[in-house]
1. Taking 8 Å as the Cα distance limit and 6 or more residues as the minimum spacing, I'd like the relative contact order of the stretch 2-69 as a percentage.
2. When the chain is fully extended, how far beyond the present Cα-Cα distance does A73 get from T57, taking 0.36 nm per residue of separation?
3. By counting other Cβ atoms within 10 Å of each Cβ, how are T65, T57, T10, T17 ranked from fewest to most?
4. Where does the chain land at 222 nm, in deg cm²/dmol rounded to the nearest 500, when only DSSP H runs of n ≥ 4 count, each adding -39500 (n - 2.57), divided by all residues?
5. Can you give the convex hull volume of the alpha carbon atoms of the stretch 2-69 per residue, in Å³?
6. Hey, got the dipole for the chain? About the Cα centre, +1 on K and R Cβ, -1 on D and E Cβ, debye to the nearest 20?
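Rule-based calculations on the coordinates, nothing more; no lab input. Given the structure is predicted, the values throughout are model-derived calculations rather than measurements. Note that each Cβ is placed from the backbone with ideal geometry, even for glycine, and that neighbours are counted across all protein chains shown.
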Amino acid sequence: MSEVFGVDVTRAAVRCTACGLAGPLPGLRVYAHAPGAVARCPGCEHVVLRLVLGNGTAWLDLRGTVGLRVPLA
């Protein structure tokens, strides 16, 4: 995801829209056995984000998170 945002997102935090659990982005359960990656909430298994990379394009779906907080410093 760093190539999409241009910053290191390992310190980013998300909040699940389904159960409200908040935590670090790397704490999500990532399934990458498809054309893209799906990240699920570790608390309720709700899909928090989807990422597909291909042909010089990135498609990012964040509708499963309330927000994405990325520290810049």
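1. 29 percent
2. 3.0 nm
3. Working: T65 23, T57 7, T10 10, T17 16.
Lowest count first: T57, T10, T17, T65.
4. Dividing the helical sum by the residues of the chain leaves -1000 deg cm²/dmol.
5. Details: hull volume 5.2 nm³, N = 68.
Normalising the Cα hull of the stretch 2-69 by residue number yields 77 Å³.
6. Values: 7 positive and 4 negative charges, 38 e Å.
Computed charge dipole of the chain: roughly 180 debye.
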